[in-house]
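This report refers to the structure that appears directly beneath it.
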């Protein structure tokens, strides 16, 4: 069974970004985004599965939104991006989709991890 996971690293501090609120949505056949799950990164900057327990991953277009403003406010840091949104496509629901975020107050990067 496939999964969607993420890991946020604060590269300006050289450590995991804990407490980042995250929202997962899927694009529906009605041309709208529907919430699937939400959570926050743990002390290691990870959210181990964004899908609710019992929900199976299915092919489609997904969107992960990271609430970076909440994270930077908690750090006492001014950030340029109040949120980071990543849209990606799941073609094979049996695979694991790991979507890491490398974050700093004035930049970010992402890639498909393993």
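The values are calculated or read from the model by the stated rules, or taken from the named source; none is laboratory data. Please read these numbers as outputs of a predicted model, since none were measured by experiment. As a convention, Cβ positions derive from the backbone with ideal geometry for all residues, glycine included, and neighbour counts pool all protein chains shown.
Does residue 48 satisfy being modelled with pLDDT of 95 or more, out of contact with any helix residue (DSSP H, G or I) (no Cβ under 9 Å at 6 or more places or on another chain), within 17 Å of residue 19 (Cβ to Cβ) and surrounded by fewer than 18 Cβ atoms within 10 Å (Cβ to Cβ)?
For residue 48, the condition - modelled with pLDDT of 95 or more, out of contact with any helix residue (DSSP H, G or I) (no Cβ under 9 Å at 6 or more places or on another chain), within 17 Å of residue 19 (Cβ to Cβ) and surrounded by fewer than 18 Cβ atoms within 10 Å (Cβ to Cβ) - is not met.
What are the residues in segment 95-108 that are within 20 Å of residue 82 (Cβ to Cβ), surrounded by fewer than 17 Cβ atoms within 10 Å (Cβ to Cβ) and under 12 Å from the mean Cα position of the chain (by Cα), if any?
Within segment 95-108, 102 is the sole residue that qualifies.
Is there any pair with a first residue in segment 68-82 that is farther than 13 Å from residue 108 by Cβ and a second that is in a helix (DSSP H, G or I) whose Cβ atoms are under 9 Å apart and which are 6 or more apart or on different chains, and what are they?
Sorted first by the residue in segment 68-82, then by its partner, the pairs are 77/71; 78/72.
Within segment 88-114, how many residues turn out to be closer than 16 Å to residue 26 by Cβ, free of Cβ contacts under 8 Å to residues at least 40 places away in the same chain and in a strand (DSSP E or B)?
Here the count works out to 2.
From the list 81, 71, exactly one residue is more than 16 Å from residue 5 (Cα to Cα) and in contact with a helix residue (DSSP H, G or I) (Cβ under 8 Å, 6 or more places away or on another chain). Which is it?
81
Condition check: surrounded by 12 or more Cβ atoms within 10 Å (Cβ to Cβ), in contact with a strand residue (DSSP E or B) (Cβ under 9 Å, 6 or more places away or on another chain) and part of a strand (DSSP E or B). Does residue 9 satisfy that?
yes
Give just the number: which of (1) in contact with a strand residue (DSSP E or B) (Cβ under 7 Å, 6 or more places away or on another chain); (2) over 21 Å from residue 105 (Cα atoms); (3) assigned to a loop (DSSP other than H, G, I, E, B) does residue 19 not satisfy?
Exception for residue 19: condition (2).
Just checking, how many residues over segment 53-87 are in contact with a strand residue (DSSP E or B) (Cβ under 6 Å, 6 or more places away or on another chain), surrounded by 13 or more Cβ atoms within 10 Å (Cβ to Cβ) and outside any helix (DSSP H, G or I)?
11
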